[in-house]
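Before any comments, here is the structure.
The values are calculated or read from the model by the stated rules, or taken from the named source; none is laboratory data. All values derive from a computational prediction rather than experimental measurement. With ideal geometry, Cβ positions are generated from the backbone for all residues, glycine too; neighbour counts draw on all protein chains shown.
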Amino acid sequence: MNAIWFSDKRRKLLLFLLEGRKSPEEIKSAFRVSWRSLILPLKELKEEGLIINHNGSYELSGIGKMLAENVKPIDRILNLFEGNTDYWTERNFKEIPQYLLDRIGEIENYTIIEPDLNKMFEPPERFLRSLHTSRHINAVFSIYHPLYPALYCQLAKKGIPMSLILTEPVLQRMCEDCKEETEIIRQFQNTTFFCYNHEIVPPSFVITDNILLISFFTKGGRYDHRDVMSFAKSSLEWGEHLFDHYRSISHELPELLF
Amino acid sequence: MKTSLVNTVWFSEKRKNLLLLLIEGTRDIEQIKKSLNVTTRAIMPQIKMLKQQHLINEVGDNFSLTTAGEIIVKNMSPLLETSRVIEENKDFWTTRNYDAIPSHLFSRLREVGHYFLVEPDINRMFELPREFTENIPKSKNVVTFASYLHPTFPSLYSGVSDSVAEISLFLTLPAFEKLRNEYTADFTKLMRSDSTKIFLFYDNLKLPMITVTDWFSYICLFNEEGRYDHRDIISFDESALKWCHEFFEFYRNRSKEVMQ
């Protein structure tokens with residue numbers, strides 16, 4: 001249906017009207033363009049039977065709704081890749097289960113954060129603030145970060161429920177280097193540790209009720225300190241699904257570690 | 001002109017078709033030219049653009065999708081499928097009433113797949129379509145919802161109640177009463193049959209009839225004026241059967257079995 005292909009404006013209008021009936025004022029302010037530039041796309045959509053003009057307001061027809069819903073996935077995935085194509089094409093996606101990879105467009109309104117040279121090993125400010133105000137924290141650690149045990153110790157003391165999945169190598173290092181902090185975290189009722197020991201190394205990520213931060217490895221298996229951070233609802237849901245996947249293939253660690 | 005990803009994917013029929021070709025597997029230039037019916041000169045700029053956007057790989061003579069390219073194509077399919085379904089019978093789909101279809105199933109209407117539009121036959125105006133009457137007896141199990149009872153419907157179902165292993169008949173109250181009062185013989189036979197269960201559907205679903213069997217699905221919709229114009233959809237695709245089963249699943253709690 002050419003109405004949707006070949007035109008940014010038409011596609012965006014369709015998606016906008018998914019929210020419901022809109023007046024010309026609402027459309028104009030949402031698109032921040034002159035009404036004149038919207039007249040033609042709206043007319044074309046009407047002619048294709050995708051939108052109806054109802055007393056001056058516009059809404060999607062039955063077919064329009066059907067198509068708009070089906071435009072969402074491709075629109076999302078293009079939004080994801082657009083502008084950061086080099087970042088995404090450099091990532092190693094073998095770690096992500098196919099069904100979640102197909103839906104990776106659900107990560108919305110994200111930023112790629114790259115720390116300053118001077119702050120290379122500190123977690124991002126925004127991230128820390130979000131962690132401290134989270135109501136629950138789920139994480140997969142496939143990268144050992146020397147500051148993290150102390151950080152999560154702090155968080156555990158605040159009583160925040162946490163489920164932490166560690167890869168074998170990370171678990172080992174935690175036991176060697178931060179035995180004390182690890183012990184303290186384990187003492188808390190609502191923290192659970194899991195061990196993941198499969199061949200494919202998962203991305204390192206943290207998903208809470210208000211933030212998603214993922215460190216994807218590059219195709220070469222390296223970590224280039226470029227992380228994806230998002231606060232959007234759909235991103236958080238995607239992140240939780242990803243966490244559930246890894247949890248389902250990890251085993252819970254018993255009470256006594258040492 | 002943006003050399004953005006959006007532009008790359010959305011704004012060219014050739015590029016779109018190339019991506020769709022490559023989701024099926026690696027191809028060399030000759031295969032690409034043949035499948036897309038293009039010359040080398042026509043397709044090379046498209047290939048170059050897709051490579052620049054990291055959507056396809058070139059290894060020797062062979063072209064394939066990158067992971068990103070694959071993800072994009074997979075996310076394009078729902079829209080392409082939906083467009084195809086609608087375009088095949090645009091007039092039909094734009095004039096239907098979809099009130100009875102739950103929204104999550106409505107946006108997946110493309111799952112009817114390779115469907116056929118059954119149009120009313122002037123020569124057989126008072127009979128049920130052959131596509132329906134001939135296929136029901138060949139089914140092992142039949143699940144039907146009906147708010148509209150065609151005159152030959154009761155005899156069709158009572159006639160197969162011995163040969164079909166399982167029949168589940170969901171009827172709205174008006175349809176049920178019509179069956180019981182005006183087609184008593186058929187009704188009795190159905191009630192007595194071991195294979196048949198009749199359910200009384202509480203709501204007045206705005207749908208004339210929907211049937212799913214083990215091998216075909218048959219969907220009747222009211223037109224936008226709320227009238228039944230006898231234009232139906234039949235499909236033999238697995239995805240269509242699954243869609244219909246989900247439809248019945250959604251309304252599962254809205255009915256109660258009628259016991260003798």
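Exactly one condition in (1) of a type outside the set (D, E, K, R); (2) in contact with a Ser or Thr (Cβ under 9 Å, 6 or more places away or on another chain); (3) free of Cβ contacts under 8 Å to residues at least 12 places away in the same chain; (4) away from every other protein chain (no Cβ under 14 Å) is not met by B:Ile86; state its number.
For B:Ile86, the failing item is (4).
Note down all Cβ pairs under 8 Å where the first residue falls in the range A:30-55 and is at negative phi, the second is modelled with pLDDT under 90 and among the small types (Gly, Ala, Ser), and they're at least six residues apart or on different chains.
A:Pro41/A:Ser7; A:Glu44/A:Ala3; A:Glu44/A:Ser7; A:Leu45/A:Ala3; A:Glu48/A:Ala3; A:Leu50/A:Ala3
Could you go through the range A:119-133 and let me know if any residue there is more than 14 Å from chain B (Cβ to nearest Cβ) and under 15 Å from the mean Cα position of the chain (by Cα). Break it down stepwise before answering.
Let us first name the residues in the range A:119-133 that are more than 14 Å from chain B (Cβ to nearest Cβ), namely A:119-133.
So of that shortlist, the ones also under 15 Å from the mean Cα position of the chain (by Cα) come out as A:127, A:130.
Yes; the residues of the range A:119-133 include at least one that is more than 14 Å from chain B (Cβ to nearest Cβ) and under 15 Å from the mean Cα position of the chain (by Cα).
Considering only the range A:75-107, how many residues are at the interface with another protein chain (Cβ under 7 Å from one of its Cβ atoms) and either in a loop (DSSP other than H, G, I, E, B) or not small (Gly, Ala, Ser) (or both)?
Within the range A:75-107, the subset at the interface with another protein chain (Cβ under 7 Å from one of its Cβ atoms) is A:77-78, A:81-82, A:85, A:88-89, A:93, A:101-102, A:104-105.
Keeping just the survivors that are either in a loop (DSSP other than H, G, I, E, B) or not small (Gly, Ala, Ser) (or both) gives A:77-78, A:81-82, A:85, A:88-89, A:93, A:101-102, A:104.
The total comes to 11.
Consider the range B:61-70. How many of its residues are farther than 19 Å from A:Tyr87 by Cβ and crowded, with 18+ Cβ neighbours inside 10 Å?
Filtering the range B:61-70 for residues farther than 19 Å from A:Tyr87 by Cβ gives B:61-64.
Filter once more, so that each one left must be crowded, with 18+ Cβ neighbours inside 10 Å: B:63.
Summing the residues that are farther than 19 Å from A:Tyr87 by Cβ and crowded, with 18+ Cβ neighbours inside 10 Å in the range B:61-70 gives 1.
Is it the case that B:Leu65 is aliphatic (A, V, I, L, M) and away from chain A (no Cβ under 11 Å)? Before you say what the answer is, go through the steps one by one.
Working: aliphatic (A, V, I, L, M): yes; away from chain A (no Cβ under 11 Å): yes.
Yes.
Answer yes or no as to whether B:Ile210 is assigned by TED's automatic domain parsing to the domain that holds B:Pro129, closer than 17 Å to B:Ala100 by Cα, among the aliphatic types (A, V, I, L, M) and at pLDDT 95 or above.
yes
Tell me which residues, restricted to the range A:30-57, are hydrophobic (A, V, I, L, M, F, W, C) and surrounded by 16 or more Cβ atoms within 10 Å (Cβ to Cβ). Talk me through it step by step, then tell me what you get.
Initially, the range A:30-57 is screened for residues hydrophobic (A, V, I, L, M, F, W, C), giving A:30-31, A:33, A:35, A:38-40, A:42, A:45, A:50-52.
Hits for the range A:30-57 are A:Phe31, A:Leu38, A:Leu42, A:Leu45, A:Leu50, A:Ile51, A:Ile52.
Here's a check for you: in the range B:27-53, which residue that is surrounded by 14 or more Cβ atoms within 10 Å (Cβ to Cβ) and outside any helix (DSSP H, G or I) is nearest to the other protein chains (Cβ to nearest Cβ)?
Looking only at the range B:27-53, we keep the residues that are surrounded by 14 or more Cβ atoms within 10 Å (Cβ to Cβ), and these are B:27, B:29, B:31-33, B:35-36, B:38, B:43, B:46-47, B:49-51, B:53.
Okay, now just the ones that are also outside any helix (DSSP H, G or I), so B:27, B:38, B:53.
Working: B:Arg27: 20, B:Val38: 18, B:Gln53: 6 Å.
It comes out as B:Gln53.
Scan (1) charged (D, E, K, R); (2) modelled with pLDDT under 95; (3) over 22 Å from B:Asp194 (Cα atoms) for the single condition B:Asp162 breaks and write down its number.
(3)
Restrict the check to the range A:172-193 and report whether at least one residue is within 22 Å of the chain's Cα centre (by Cα), farther than 21 Å from A:Glu122 by Cβ and assigned to a loop (DSSP other than H, G, I, E, B). Lay out the reasoning, then the answer.
Residues of the range A:172-193 within 22 Å of the chain's Cα centre (by Cα): none.
No, there is no match, as no residue in the range A:172-193 is within 22 Å of the chain's Cα centre (by Cα), farther than 21 Å from A:Glu122 by Cβ and assigned to a loop (DSSP other than H, G, I, E, B).
Report, by residue number, each residue of the range A:38-74 that is of a type in the set (S, T, N, Q), more than 19 Å from A:Asp8 (Cβ to Cβ) and within 11 Å of chain B (Cβ to nearest Cβ). Give the steps one after another, and end with the answer.
Step one: list which residues in the range A:38-74 are of a type in the set (S, T, N, Q), which gives A:53, A:55, A:57, A:61, A:70.
Narrowing the set further to residues that are more than 19 Å from A:Asp8 (Cβ to Cβ) leaves A:53, A:55, A:57, A:61.
If the condition is that a residue be of a type in the set (S, T, N, Q), more than 19 Å from A:Asp8 (Cβ to Cβ) and within 11 Å of chain B (Cβ to nearest Cβ), then A:Ser61 is the only one that fits.
For the structure I just gave you, tell me whether B:Glu58 is surrounded by 13 or more Cβ atoms within 10 Å (Cβ to Cβ) and away from chain A (no Cβ under 11 Å). Quick ask: steps written out before the conclusion?
Values: surrounded by 13 or more Cβ atoms within 10 Å (Cβ to Cβ): yes; away from chain A (no Cβ under 11 Å): yes.
Against the criterion (surrounded by 13 or more Cβ atoms within 10 Å (Cβ to Cβ) and away from chain A (no Cβ under 11 Å)), B:Glu58 qualifies.
Please go through (1) within 14 Å of another protein chain (Cβ to nearest Cβ); (2) part of a helix (DSSP H, G or I) for A:Ser29 and return the number of the only condition it doesn't satisfy.
So the condition that A:Ser29 fails would be (1).
Sort through B:Lys197, B:Lys242 and tell me the only one that's farther than 22 Å from B:Tyr115 by Cα, assigned by TED's automatic domain parsing to the domain that holds B:Pro137 and in contact (Cβ under 8 Å) with a residue 24 or more places away in the chain. Even if it seems obvious, please write down each step before you answer.
On the way: B:Lys242 fails: farther than 22 Å from B:Tyr115 by Cα.
After ruling out the rest, the residue left standing is B:Lys197.
Looking only at residues that are assigned to a loop (DSSP other than H, G, I, E, B) and among the hydroxyl-bearing types (Ser, Thr, Tyr) in the range A:108-162, which one is surrounded by the fewest Cβ atoms within 10 Å (Cβ to Cβ)?
The initial filter retains those residues of the range A:108-162 that are assigned to a loop (DSSP other than H, G, I, E, B), namely A:108-109, A:114-116, A:120-124, A:133-136, A:142-147, A:158-161.
Keeping just the survivors that are among the hydroxyl-bearing types (Ser, Thr, Tyr) gives A:133-134, A:142, A:144.
Values: A:Thr133: 13, A:Ser134: 20, A:Ser142: 22, A:Tyr144: 18.
Here the answer is A:Thr133.
Of the residues that make up the range B:98-109, is at least one within 12 Å of chain A (Cβ to nearest Cβ), under 25 Å from B:Leu22 (Cα atoms) and among the charged types (D, E, K, R)?
For the range B:98-109, residues within 12 Å of chain A (Cβ to nearest Cβ), under 25 Å from B:Leu22 (Cα atoms) and among the charged types (D, E, K, R): present.
Residue-by-condition table, conditions (1) under 24 Å from B:Asn97 (Cβ atoms); (2) touching a Pro at 6+ places or on another chain (Cβ under 9 Å):
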site	(1), (2)
A:Phe6	no, no
A:Arg21	yes, no
A:Ile74	no, yes
A:Gly83	no, no
A:Trp88	no, no
A:Asn92	no, yes
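Here is a check on your reading of the model: is A:Ile27 under 20 Å from B:Glu87 (Cβ atoms) and buried (at least 18 other Cβ atoms within 10 Å of the Cβ)?
no
Please find, among B:Leu21, B:Leu5, the residue that is crowded, with 17+ Cβ neighbours inside 10 Å and away from every other protein chain (no Cβ under 14 Å).
Numbers: B:Leu5 fails: away from every other protein chain (no Cβ under 14 Å).
Every option except B:Leu21 fails the conditions.
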